[in-house]
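The values are calculated or read from the model by the stated rules, or taken from the named source; none is laboratory data. Values in this document were obtained by computation on a predicted structure and should not be read as measured data. Glycine gets a Cβ as well: all are built from the backbone with ideal geometry, and neighbour counts include every protein chain shown. The accessibility values were calculated without ligands, DNA or RNA, using every heavy atom of the protein model including side chains. Shrake-Rupley method; radii C 1.70, N 1.55, O 1.52, S 1.80 Å.
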Protein chains: 2
Amino acid sequence: MSVRALVFDVFGTLVDWRSGVAREAASLLAPYAPNLDAGAFADAWRGLYQPSMETVRSGRRPFVDLDTLHAESLPDVLGRFGVAGVPPGVAAELVQAWHRLDAWPEVPEALARLRGRFLLAPNSNGPVRLMVDLARRNGLVFDAVLGAGYSRDYKPKPALYRDAVAAFGFTPAETMMVAAHSSDLEAAASHGLATAHIARPHEHGPAGGELTPSLPVTYAAADLADLANQLGC
Amino acid sequence: MSVRALVFDVFGTLVDWRSGVAREAASLLAPYAPNLDAGAFADAWRGLYQPSMETVRSGRRPFVDLDTLHAESLPDVLGRFGVAGVPPGVAAELVQAWHRLDAWPEVPEALARLRGRFLLAPNSNGPVRLMVDLARRNGLVFDAVLGAGYSRDYKPKPALYRDAVAAFGFTPAETMMVAAHSSDLEAAASHGLATAHIARPHEHGPAGGELTPSLPVTYAAADLADLANQLGC
């Protein structure tokens, strides 16, 4: 069974969240924290990502989108870095930093090549507008936007993988999850999806990133252009 | 408040469902109904569209997608035209006719112009894959796919309009529903959306189509290119 549709993790896989959030934090927080370690700030904020989503995944609260979770976790991060006096408008602008991330350099061209052969959609924990903003900023064209907005839950809950398969209407084996994170691919594989791992050695800055998948995958690629090469695009 | 996002009705507004379904029915049913009035067949099938969706809108059954509703209503239409002996594979192919409709002639270029100024999404009763197939066939590029797939209900239920506004994150007044049907625009306006009416004098073939809206609208246009002109694109 050959692959017909690709669904993508986005933060880390297609875009460089750490550099983008650090850049915006350094700029927006300069008046309140002139000596901020902006990379560490981005790491700390991202560190609250899984626990914040878990409040939804667990059913403890109704679905709220990632903008809301980012806004809720921001005061904690600011507190950890001793940053005080940030006006609400600046905090709101900082939440929007997640909408202004740059794609990894090879992504726009590689995605356009992949679009010649496959249906494409983000399958991310970010909401529709965030996906649209990242796509417009980086010149990425998708066929649809799936993920948390579409499924009203967060990966790795089954709905995200099942809904992505059903939305494009191919079999699970014809639908491939593309991610830089083995945990995402493990969940996708458990629902029968094909899997492609993208190495992102700089996702976490000095702390590196996943160089190779920790489970057997359908494709393991050095970057998205390598995946397009392997798929004959 | 100026418009920032356009959400589109699709069947009749962007694509010519009657000619496309008639073309496919004439071709696929030729062995079983050589003298079929294919335009009337398309009209009869479309005539079951609202009653079939009402079974979902009313809550009498859980959400099922439009492909399912089309498949369920097809035997009734075949019976009305005295067409017998259609194999299941041919019937399934005929349901796919709704995925192979042509855009009205000015739509691809006009939509590309609109995309330079606005975020765009279909807000149709068709499912994601159907929207994707129509977009790919006709070279239409959207930012997201909203509508029945996203909201798990059918227009004119409130979820379709509220979810479309929320997905792009603008105010209702900044979000404009574009449709060739006053009923759709009336529902959109009741949720505060801006409205654009597109005249489609040939939607129903010899029976015509809506030339002008039956309610006050934000824009009334002769076709999508005219709307792009009026919006300064």
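Take every pair of alpha-carbon atoms less than 8 Å apart whose residues are at least six positions apart; their mean separation over the length of chain B yields a relative contact order of 25 percent. Taken over the stretch A:17-99, the percentage of Cα pairs per 5 Å bin, counting from 0 up to the bin with the maximum distance, is 3, 15, 28, 26, 14, 8, 4, 1. A dipole drawn for the protein assembly as shown from +1 and -1 charges on Cβ atoms has a positive end, and of A:Leu66, B:Pro206, A:Asn229 the residue lying farthest that way is A:Leu66. Between A:Glu72 and A:Asp37, full extension at 0.36 nm per residue minus the direct alpha carbon distance yields a gain of 10.5 nm. Database remark: amide H of A:Ala180 closer than 5 angstrom to the amide H of A:Thr13, A:Ile198 (H placed geometrically; neighbours at sequence offset of 5 or more, or on other chains; Pro and chain starts carry no H).
Based on protein heavy atoms only, the stretch A:17-99 ends up with 44 Å² per residue of surface accessible to a 1.4 Å probe. Placing +1 on the Cβ of every Lys and Arg and -1 on the Cβ of every Asp and Glu, with nothing else charged, gives chain B a dipole about its Cα centre of roughly 420 debye.
In this rough spin-label picture, where each label sits 7 Å from Cα along the Cβ direction, the A:Ser58-B:Ala84 distance is 6.4 nm. Take each residue in B:137-149, count the other chain C-beta atoms within 10 Å of its C-beta, and the mean is 4.
In the stretch B:102-181, taking the dipole from charged Cβ atoms about the Cα centre, the farthest positive-side position among B:His181, B:Asn123, B:Pro158 is held by B:Pro158.
Tilt of helix A:38-47 relative to the longest C-alpha principal axis of chain A, in degrees (0 to 90, nearest 10)? Roughly 60 degrees, rounded to the nearest 10. Ascending distances from the A:Arg137 label point to its copies in the other chains, with the point 7 Å along the Cα-to-beta-carbon line: 3.6 nm. Note on B:Lys155: aspartates and glutamates with a C-alpha under 14 Å away, same-chain residues under 8 apart excluded, are B:Asp9, B:Glu54, B:Asp65, B:Asp163, B:Asp184, B:Glu186.
Where in the stretch B:16-50 does the label zone of B:Ala207 land, with the point 7 angstrom along Cα→C-beta and an amide N cut-off under 17 Å? From the stretch B:16-50, the list is B:16-23, B:37-50. A simple rule links phi to the HN-Hα coupling: the Karplus curve 6.51 cos²θ - 1.76 cosθ + 1.60 with θ = phi - 60°, which for the stretch B:123-133 gives 10, 10, 7, x, x, 3, 4, 5, 4, 5, 5 Hz, with x for Gly and Pro. Measure nothing but the geometry: give the 0 to 90° angle between the long axis through the Cα atoms of B:158-168 and the longest principal axis through the Cα atoms of chain B, rounded to 10°. With rounding to tens, the tilt is 50 degrees.
For chain A, the fraction of 1.4 Å probe accessible surface lying on carbon and sulfur atoms is 55 percent.
Counts of other chain beta carbons within 10 angstrom of each beta carbon in peptide B:150-158 average 1. Here is how far apart the A:Ala84 label points are across copies: 8.8 nm, shortest first, using a point 7 Å from Cα toward Cβ. A simple charge model with +1 on the Cβ of Lys and Arg, -1 on the Cβ of Asp and Glu and nothing else charged puts the dipole of the stretch B:17-99 at about 180 debye relative to its Cα centre. With one equal scatterer per alpha carbon and no solvent term, the Debye-computed log10 I(q)/I(0) for the protein assembly as shown at 0.09 1/Å reads -0.64.
Ordering of A:41-54, B:142-155 by packing is B:142-155, A:41-54, highest average first (other Cβ atoms within 10 Å, averaged per residue). Label-point spacing at A:Ala40 relative to the other copies reads 8.0 nm, in ascending order, each point sitting 7 Å out from Cα along Cα→Cβ. Buried between B and A is an accessible area of approximately 1800 Å², summed over both sides with a 1.4 Å probe.
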